[in-house]
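Asks: Here you go, one structure.
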Amino acid sequence: MKIDVDQLFRKRFHVFSVEFIRYAQYMANGGLAFVGIFLMGLLAFYYRSIIAMIPPWFPLPYAMALVIAFIVVKSPLRTFLLEADLLFLTPHEVRLDRYFRKALVYNFAIQSMVVFIVLLLLMPMYTGVVGAQGVQLWVYWGIPLLLKGWNIYSNWTFLRLPDQKNIGFYTLARFVFSYILLAWVLSEGQFLRLGPIPFGVLICAALLIWLHSRMLTYKKKHSLQWYRLLAIESGLRHRFYQFVNNFRDVPAMQHQVKSRPWLIALTKLLPYRQSTAGHHLFTKKFIRSGDFAGIYFRLLLLSGFVVLILPGPYAKIIAGLLFLFMTASQIGSLWRHQQKRNGYSIFPIRDGQMRQAFSWLRMVLLGVHGVVLVLIGIL
Amino acid sequence: MTTLLEVKGVTGGYSYNHAVIKDVSFHIREKEIVALIGLNGAGKSTTIKHILGLLEPIAGEISIAGKTFQSDPENYRLSYGYIPESPIYYEELTLWEHIELMAMSHGLDQEIFYERARPLLKEFRMEEMKDRFPQQFSKGMRQKLMIMMALLVQPPLYIVDEPILGLDPLGIRSLLTWLNRCKEQGAGILMSTHILATAEKHCDRFIILHKGEIRAQGTLEELRHITGLPDSSLDDIYLHIVEDDGQ
């Protein structure tokens, strides 16, 4: 039986787009989207004055190269594979080349949009502080997008390696290559230049040749790693749900559990008592779930950063309050998550105690967040 | 001997128009293990859900130690230990944290908790799994977690739903030994099961549920007498009762 690879990809992509649009509508309907847009507006309003605060000794081109290198090298690959493909698609592996090529093109299209947005955000710094213009700007837009494409292709090739450690090594190599090239380009050829000899670009060329020779070898030696591709795909799908979950509760979401022993040690501070059983349950749920605690700490860091760079007390206070509101609504979903497991609850903890335990946890988390923001604001 | 569980004329199910169990009456006293046997869909799990207070009877009344769920919903839940057929657990808690929280929510002293938890872990060979998450367990290990959580509390009444499926032979032996020990110490146990040979060996009385109704109940001797099949095994008696119905 022959399989229509093009149609298969079209079908998978269609299913994904339908889901994406549905969730996008969900997100747009939620109040949090407005808070996010408002915060971005606030940052945009102060953007020029924040740029003006950059001291002249700061090596801006190299810092920008670092940011862009991160964005360019990190190339997660969506393949739209399903668990059942292990059974049904593996026999057709040799014919799937076109399928995966289409998937790579899709990934390039999406990720270059991210690169584009980052470049757009960094543009005022580059033209304003460094004073770039003319051909230099074409290079500024062109090289990162080219690098993105190359990174997607090389990452895809190195994913054939059976050992995860080796892949990490080559990701590092890709990063070094991308960073040196970007730093060389953005500093207008000054990076690692000793007298007349541009060492930067020589190192780049050597790295590129070496990486491509490795890729040629591995392409011949190893075949696709199906389990890894599936793990990556489900991980990315989870990330997508997780992102949407910031705005609305996603029913299809499988909450990931992380053991986090260093944070769990904190729960030892809670006394062992019948009346604190609910506190133990909620605190452990919060710490262990990748989503609740993960988002809380991300919001904490982001809000601290925003409050730090925003000038003037009013902007700081408004941004701080908005972030506290976002945190509060995130913690609210912890309660809804608990309520969703209706039916038999295994521990005989009274409803009133559960409610009280949840309010207590919310108070502690918001309190910590608030204190951190006030301390940063005073600094 | 005191009656622990009293089920009186209970008719019930998931909706008022469609009763799954009809006029079911039985009781469980101290120091006995009673088997609830029946085919798939006979109403065993529905009966158990009514006892747990998860479903409200259309008619009839269920009381544990004289108290109904309606009269004291908070304490009713503390008066029995339940081992569910399919394990229920929190993905975010380790094995040890599950049993600790169980002890905590039942108001067990911390020393008593340690005293009881260690031998249980040893008996069910789960010591090495102590700090792992049930998500990584096999079905049998999750079942063991449920069993340990119920045994830890040492309630006067146990409700055990199909405990043997999925357990390894050593696990089955451990479970039955512990249940027998609980019984000798005064507990009453209701055990729903398909495995008639095990039921015959370990249970004092049997309730045969068929199509939502109790067809017969009593000790093995009494069942032999009712069916007129002396010297028969529980298996034969059960098949006789159920097949009779088909004709």
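Asks: Taking A:ILE54 and the conditions (1) surrounded by 12 or more Cβ atoms within 10 Å (Cβ to Cβ); (2) part of a helix (DSSP H, G or I), which numbered condition does it fall short on, given that it satisfies the others?
Replies: (2)
Asks: Let me ask something else about it. Residue under question is B:TYR76, and the condition is that it be aromatic (Phe, Trp, Tyr) and either in the same structural domain as B:ILE48 (by TED's automatic domain parsing) or more than 21 Å from B:LYS139 (Cβ to Cβ) (or both); does it hold? Before you say what the answer is, go through the steps one by one.
Replies: Numbers: aromatic (Phe, Trp, Tyr): yes; either in the same structural domain as B:ILE48 (by TED's automatic domain parsing) or more than 21 Å from B:LYS139 (Cβ to Cβ) (or both): yes.
It is true that B:TYR76 is aromatic (Phe, Trp, Tyr) and either in the same structural domain as B:ILE48 (by TED's automatic domain parsing) or more than 21 Å from B:LYS139 (Cβ to Cβ) (or both).
Asks: Within region A:361-377, does at least one residue satisfy the condition of being within 14 Å of another protein chain (Cβ to nearest Cβ) and of a type outside the set (Gly, Ala, Ser)?
Replies: If we filter region A:361-377 for residues that are within 14 Å of another protein chain (Cβ to nearest Cβ), which is where we start, we get A:361.
Remaining after also requiring of a type outside the set (Gly, Ala, Ser): A:361.
The answer is yes, given that some residue of region A:361-377 is within 14 Å of another protein chain (Cβ to nearest Cβ) and of a type outside the set (Gly, Ala, Ser).
Asks: Taking the stated definitions as given, is B:PHE26 aromatic (Phe, Trp, Tyr) and either modelled with pLDDT under 90 or within 17 Å of A:PRO348 (Cα to Cα) (or both)?
Replies: Numbers: aromatic (Phe, Trp, Tyr): yes; either modelled with pLDDT under 90 or within 17 Å of A:PRO348 (Cα to Cα) (or both): no.
Spelling it out, it is not the case that B:PHE26 is aromatic (Phe, Trp, Tyr) and either modelled with pLDDT under 90 or within 17 Å of A:PRO348 (Cα to Cα) (or both).
Asks: Among the residues of region A:333-354, are any β-branched (Val, Ile, Thr) and either at positive phi or away from every other protein chain (no Cβ under 14 Å) (or both)? Lay out the reasoning, then the answer.
Replies: Taking region A:333-354 and keeping what is β-branched (Val, Ile, Thr), we get A:346, A:349.
Imposing the further condition that a residue be either at positive phi or away from every other protein chain (no Cβ under 14 Å) (or both) reduces the set to none.
Checking region A:333-354: not a single residue is β-branched (Val, Ile, Thr) and either at positive phi or away from every other protein chain (no Cβ under 14 Å) (or both).
Asks: Related question: Where residues in region B:109-127 are under 19 Å from B:LEU175 (Cα atoms) and over 23 Å from the mean Cα position of the chain (by Cα), which of them is farthest from the other protein chains (Cβ to nearest Cβ)?
Replies: Going through the qualifying residues, I end up with B:GLU127.
Asks: Sticking with this one: Keeping to region B:70-95, report how many residues are of a type in the set (Asp, Glu), under 21 Å from the mean Cα position of the chain (by Cα) and farther than 17 Å from A:ALA277 by Cβ.
Replies: Residues in region B:70-95 being of a type in the set (Asp, Glu), under 21 Å from the mean Cα position of the chain (by Cα) and farther than 17 Å from A:ALA277 by Cβ: 1 in total.
Asks: If you go through region A:255-268, how many residues are within 9 Å of chain B (Cβ to nearest Cβ) and of a type in the set (Gly, Ala, Ser)?
Replies: Residues in region A:255-268 being within 9 Å of chain B (Cβ to nearest Cβ) and of a type in the set (Gly, Ala, Ser): 1 in total.
Asks: Okay, next question. Taking A:ARG48 as meeting all but one of (1) part of a helix (DSSP H, G or I); (2) loosely packed, with under 13 Cβ neighbours inside 10 Å; (3) free of Cβ contacts under 8 Å to residues at least 40 places away in the same chain, write down the number of the exception.
Replies: (3)
Asks: Could you grab me the full set of residues in region A:130-145 that are surrounded by fewer than 18 Cβ atoms within 10 Å (Cβ to Cβ) and either under 20 Å from the mean Cα position of the chain (by Cα) or modelled with pLDDT of 95 or more (or both)?
Replies: Answer for region A:130-145, where residues must be surrounded by fewer than 18 Cβ atoms within 10 Å (Cβ to Cβ) and either under 20 Å from the mean Cα position of the chain (by Cα) or modelled with pLDDT of 95 or more (or both): just A:LEU145.
Asks: Applying the selection to region B:1-28, what residues are buried (at least 19 other Cβ atoms within 10 Å of the Cβ) and either among the aliphatic types (A, V, I, L, M) or not in a strand (DSSP E or B) (or both)?
Replies: So the first thing to find is which residues in region B:1-28 are buried (at least 19 other Cβ atoms within 10 Å of the Cβ), and the list is B:4-5, B:7, B:10, B:12-13, B:19-21, B:24, B:28.
Result: B:LEU4, B:LEU5, B:VAL7, B:VAL10, B:GLY13, B:ALA19, B:VAL20, B:ILE21, B:VAL24, B:ILE28.
Asks: Sticking with this structure for a sec: When you check B:GLN185 against the structure, is it under 16 Å from the mean Cα position of the chain (by Cα) and surrounded by fewer than 18 Cβ atoms within 10 Å (Cβ to Cβ), yes or no? Before you say what the answer is, go through the steps one by one.
Replies: Working: under 16 Å from the mean Cα position of the chain (by Cα): no; surrounded by fewer than 18 Cβ atoms within 10 Å (Cβ to Cβ): yes.
The answer is no for B:GLN185.
Asks: Something else now. Return the residues of region A:269-326 that are in contact (Cβ under 8 Å) with a residue 24 or more places away in the chain, aromatic (Phe, Trp, Tyr) and away from chain B (no Cβ under 14 Å); say none if nothing qualifies.
Replies: A:TYR296, A:PHE323, A:PHE325
Asks: When residues of region B:203-226 are filtered for being of a type in the set (S, T, N, Q) and surrounded by fewer than 17 Cβ atoms within 10 Å (Cβ to Cβ), how many remain?
Replies: Count: 1.
Asks: Here are some conditions: (1) buried (at least 22 other Cβ atoms within 10 Å of the Cβ); (2) within 18 Å of A:PRO348 (Cα to Cα); (3) over 15 Å from the mean Cα position of the chain (by Cα). B:HIS98 meets all but one. Which one does it not meet?
Replies: (1)
Asks: Any chance you could count how many residues in region A:171-189 are in contact (Cβ under 8 Å) with a residue 40 or more places away in the chain and on the phi < 0 side of the Ramachandran plot?
Replies: The initial filter retains those residues of region A:171-189 that are in contact (Cβ under 8 Å) with a residue 40 or more places away in the chain, namely A:171, A:174-175, A:178-179, A:182-183, A:185-188.
Filter once more, so that each one left must be on the phi < 0 side of the Ramachandran plot: A:171, A:174-175, A:178-179, A:182-183, A:185-187.
Residues flagged as in contact (Cβ under 8 Å) with a residue 40 or more places away in the chain and on the phi < 0 side of the Ramachandran plot within region A:171-189 amount to 10.
Asks: What's the total number of residues in region A:75-104 that are without any contact (Cβ under 8 Å) to a residue 40 or more places away in the chain and under 20 Å from A:TRP141 (Cβ atoms)?
Replies: Within region A:75-104, residues that are without any contact (Cβ under 8 Å) to a residue 40 or more places away in the chain and under 20 Å from A:TRP141 (Cβ atoms) number 0.
The values are calculated or read from the model by the stated rules, or taken from the named source; none is laboratory data. Note that the structure is predicted; figures quoted are calculated from it, not measured. Cβ coordinates were reconstructed from backbone atoms using ideal geometry, including for glycine residues, and neighbour counts include every protein chain displayed.
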